[in-house]
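S.K.: For reference, the structure I am asking about is given below.
The values are calculated or read from the model by the stated rules, or taken from the named source; none is laboratory data. A quick note: this is a predicted structure, and the numbers were derived from the prediction, not measured. In this analysis, Cβ positions are derived from the backbone assuming ideal geometry, glycine residues included, and neighbour counts consider all displayed protein chains. These accessible areas exclude ligands, DNA and RNA; they are computed on the full protein's heavy atoms, side chains included. Shrake-Rupley method; radii C 1.70, N 1.55, O 1.52, S 1.80 Å.
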Amino acid sequence: MTSLDKQIGDNLTRLRTPRMSQRALADAMTERGWKWSHVTVGSVERGDRPLRAAEAIGVAEILEVEVVDLVNAREASQMREATQKLLAQYHRLRHAVSDWDLVRREYAQLADSLGREVDNEVIARLWFPAEEVVANEHRMFGLDEYPWATENGPWMKLYIESERAARGQHPAAS
């Protein structure tokens, strides 16, 4: 056993454990044409049996990781996994912010079309709490204009003014 075999085995154990059992990995490798059993998986994980390069490709595909994650030091693999999770959550957040902003805009348009007065409770509880998140999204992606904002009702004015204020612009700026 080499230290690299042990490192690969430790990484395999860490990457496999939350996803599947040794037997399930062995079955998946067998389906790909490798003569693997749960004993084989255990031998690789202990570092007693080296993992062949072609096997590593199959294992990585099954576990939905990169081959490099099997080889890298644990800390590097953990950082890579953490970065991937962070990126995935960022994309979810971006979509949620975009969806929230769209609904807020639709609310403003509907309220204006119905001639509703500005409701201070709605403003305090629903409008401003996520204002900075939306403003940051606009800053990050350069969304400075509102070509859809053709109505001049109180809700649309509030929407546009709050967006501008959150970006540090004077609310009356055009």
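S.K.: All but one of (1) within 30 Å of Q7 (Cβ to Cβ); (2) surrounded by 12 or more Cβ atoms within 10 Å (Cβ to Cβ); (3) not aliphatic (A, V, I, L, M) hold for D119, so report the exception by its number.
M.R.: Tallying (1) within 30 Å of Q7 (Cβ to Cβ); (2) surrounded by 12 or more Cβ atoms within 10 Å (Cβ to Cβ); (3) not aliphatic (A, V, I, L, M), D119 fails exactly one: (1).
S.K.: Out of the stretch 54-73, which residues are part of a loop (DSSP other than H, G, I, E, B), open to solvent by less than 50 Å² (accessible area, probe 1.4 Å) and more than 14 Å from T17 (Cα to Cα)?
M.R.: Residues satisfying the conditions are N72, A73.
S.K.: Follow-up. For the stretch 80-109, enumerate the residues that are within 30 Å of E45 (Cβ to Cβ) and modelled with pLDDT of 85 or more.
M.R.: Correct list: K85, A88, Q89.
S.K.: Based on this model, can you work out whether D5 counts as charged (D, E, K, R), open to solvent by less than 70 Å² (accessible area, probe 1.4 Å) and in a helix (DSSP H, G or I)?
M.R.: Judged against the criteria, D5 is a match.
S.K.: Here is a list of conditions, (1) farther than 24 Å from M20 by Cβ; (2) surrounded by 12 or more Cβ atoms within 10 Å (Cβ to Cβ), and H95 meets all of them except one; can you say which number that is?
M.R.: Every listed condition holds for H95 apart from (2).
S.K.: Select, from S43, S77, the only residue that is closer than 30 Å to T2 by Cα, surrounded by 14 or more Cβ atoms within 10 Å (Cβ to Cβ), at pLDDT 80 or above and polar (S, T, N, Q).
M.R.: From the options S43, S77, the qualifying one is S43.
S.K.: Checking the conditions here, which among T17, T13, T40, T30 is of a type in the set (S, T, N, Q) and either in contact with an Asp or Glu (Cβ under 7 Å, 6 or more places away or on another chain) or touching a residue at least 40 places away in the same chain (Cβ under 8 Å) (or both)?
M.R.: Within the list T17, T13, T40, T30, the selection yields T13.
S.K.: Suppose we keep only residues that are of a type in the set (V, I, T) and exposed (fewer than 15 other Cβ atoms within 10 Å of the Cβ) within the stretch 8-40. Which one would you say is nearest to A76 (Cα to Cα)?
M.R.: The residue in question is T17.
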